[in-house]
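Here's the structure we're looking at; comments come further down.
The values are calculated or read from the model by the stated rules, or taken from the named source; none is laboratory data. Note that the structure is predicted; figures quoted are calculated from it, not measured. Ideal geometry is used to build each Cβ from the backbone, glycine not excepted, and the neighbour counts take in all protein chains shown.
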Amino acid sequence: MTAHEPDPASGATSPLPTGTVTFLRTDVEGSMVLTRALGERWDDLNGRHVALIRAAVDAHRGTVVRTEGDAVFAAFQEAGAAVAAAVAAQRSLQAHAWPEDATIRVRMGVHSGEAHRAGDDYGGIEVSRAARVAAVGHGGQIILSGPTYELTADGLPAGTTARDLGLFVLKDVPRPERLYQLDVPGLPAEFPPVRAGRTTVGNLEPRLTTFVGRDDQVEALRAMLDDARLVTITGAGGIGKTSVATETARAVEAHYADGAWFVPLATIEDPADVKALVARTIGLFDGTSRSAVETLPAFLSERSMLLVLDNFEHVIDAAASVADLVRVSPRSRVVVTSRAPLRVSGEHEMPMAPLGVQGEDAAARRLFVERARAVRPGWDPGADGPVVDEICAQVDGLPLGIELAAARVSLLPLAAIRDRLTARLPLPGSGSRDVPARQRTLEGAVAWSRDLLSPRLQRAFDRLSVFEGSFDADQAGPVMGDPGEGLRDASLDSLDDLAELAGQSLIERFPAEEGDSTHIREKIL
């Protein structure tokens, strides 16, 4: 070990900086392996690597406090100088002509804190934190602690960017540390996960049931979130919007430094309360001078998180508030589940289709069997597989309807379940007690959506119930039109109403059949 080395320019010992000091810790990845493999050659290569780092430290007004074998510990009065020195050192190491069998890869950690002098060295918790920050990285990687990032965020070396890795538990450090990776142009930027335990951030609960039939939708949503900052999953009640949103959030939450958060909007009635609920969910509360809603934009602007806003249809007037949150937090993503799109700038819509209902491997049948076995272990439809398909078709392939029907196999034969659905009779019993009332029956799911409509659209929706299954758009006009309402153009107004009902996911558009002049076909879900 060499403590507090002479300044090469003056030959004198450079004074150790005091106050808020930034420490640079480095060491060679896999040095023990290199030592055994290279033997006496190692000392020469190690000396060359230390000299390259020392030159970068000296050039940026730092002081090499000590070296320990292949590790270097340096101190800087300015955080920006320490970060610049780390960049220069990595570039020098990358450019150096190392032997083919002995490439030197160095991990570096930079941390800022109050310096505690201990003779010609430093001591205290901040030195230990600097060592832990460096230890979690990989060869070629520069890790910045949270305090260093805060001091340098507005003045990073030209072309470099700091990537928020999240909160981590470091050995012997009393509280989690937020870590950042410094990405340097021309140097490697992709590394394995840091070698530290990630803290749990967010409020997603573990899945209690199997996830069946929606893997493609999860992958599609994951791909959309790479570029889209706001994605709205639309579809009928019970079609599985929430399930796909939460399953995707579980799959990608590690990509967001500040976690994934599920915000259940069904618990509120007033659109003005949406921002307040988001704030409370992520841990913001009213202060003495500012409310949580007022601090929310500034808080989100520096964060990287995934927000799942569930059941947005009944607070749709808060759409502009969501757009505001999306704009202030470019590193975050928002997934909305709603029966109607928000219709705001930047929104990407992901319509959800019912599950396929035909065939032994159809997603609908697989879901039915899985849920039936939850109430009758080992249950198998056997030769009644086609009856299961009929039941799934009767509920239009809606996962909620399939699950509700499957739960009745403990009470009724399959044929009886099918016949009651065909006759439009309610199934006996109710759904799970721990879900909202609207999810306990299909009637409740439809009623929830109908109640959100204006009186005019409620009347139009009720009149469409005279059709058996599907109908053409030009057939709807005489049914929906009412001369007593004083409509100037009944056909035009009926199309407007059909478009609105489709937008609310209460009817579904189908492609026109060949020779069909209407080009639109509707089906009541």
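Here are the numbers:
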read-out: Selected residue (criterion: farthest from G69 (Cα to Cα)) from residues of segment 102-145 that are of a type in the set (D, E, K, R) and touching a helix residue (DSSP H, G or I) at 6+ places or on another chain (Cβ under 7 Å); value: E114
read-out: Residue match in segment 118-129 (condition: of a type outside the set (G, A, S), assigned by TED's automatic domain parsing to the domain that holds Q77 and under 27 Å from the mean Cα position of the chain (by Cα)); value: no
read-out: Residues of segment 263-291 that turn out to be assigned to a helix (DSSP H, G or I) and either closer than 28 Å to A162 by Cα or at pLDDT 90 or above (or both), as a count; value: 12
read-out: Neighbours by Cβ (under 6 Å, 6+ apart or cross-chain): first from segment 51-80, surrounded by fewer than 18 Cβ atoms within 10 Å (Cβ to Cβ); second in a helix (DSSP H, G or I); value: R61/A81; G80/T152
read-out: Residues (surrounded by 14 or more Cβ atoms within 10 Å (Cβ to Cβ) and at pLDDT 90 or above) located in segment 97-112; value: W98, I104, R105, V106, R107, M108, G109, V110, H111, S112
read-out: Set V83, V33: member being in contact (Cβ under 8 Å) with a residue 60 or more places away in the chain and either on the phi < 0 side of the Ramachandran plot or not acidic (D, E) (or both); value: V83
read-out: Test for S304: is it under 21 Å from the mean Cα position of the chain (by Cα) and under 19 Å from I507 (Cα atoms); value: no
read-out: Filter result for the condition that a residue is surrounded by fewer than 15 Cβ atoms within 10 Å (Cβ to Cβ) and assigned to a loop (DSSP other than H, G, I, E, B), over P341, P377; value: P377
read-out: Output for segment 243-266, where each listed residue is farther than 19 Å from R178 by Cβ and either in contact with a Leu (Cβ under 7 Å, 6 or more places away or on another chain) or among the basic types (K, R) (or both); value: V244, T246, T248, A249, R250, V252, F262, V263, L265
read-out: Sole exception among (1) more than 19 Å from V133 (Cα to Cα); (2) modelled with pLDDT of 95 or more; (3) in contact with a strand residue (DSSP E or B) (Cβ under 9 Å, 6 or more places away or on another chain) for P15, by number; value: (2)
read-out: Condition broken by A407, with the remaining ones in (1) in the same structural domain as L307 (by TED's automatic domain parsing); (2) in a helix (DSSP H, G or I); (3) not acidic (D, E) satisfied; value: (1)
read-out: Residue within segment 97-107 that is under 14 Å from A75 (Cα atoms), assigned to a strand (DSSP E or B) and not aliphatic (A, V, I, L, M) present; value: no
read-out: Unique residue being buried (at least 19 other Cβ atoms within 10 Å of the Cβ), in a strand (DSSP E or B) and touching a residue at least 12 places away in the same chain (Cβ under 8 Å) when the list is L355, L309; value: L309
read-out: Matching residues, segment 113-137, being surrounded by fewer than 17 Cβ atoms within 10 Å (Cβ to Cβ), closer than 20 Å to G197 by Cα and of a type outside the set (V, I, T); value: S128
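Here is a yes/no grid of residues against (1) under 22 Å from S304 (Cβ atoms); (2) at pLDDT below 90; (3) in a loop (DSSP other than H, G, I, E, B):
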| position | (1), (2), (3) |
| --- | --- |
| G137 | yes, no, yes |
| P147 | yes, no, no |
| L156 | yes, no, yes |
| G159 | yes, no, yes |
| D164 | yes, yes, no |
| P174 | no, yes, yes |
| A189 | yes, no, yes |
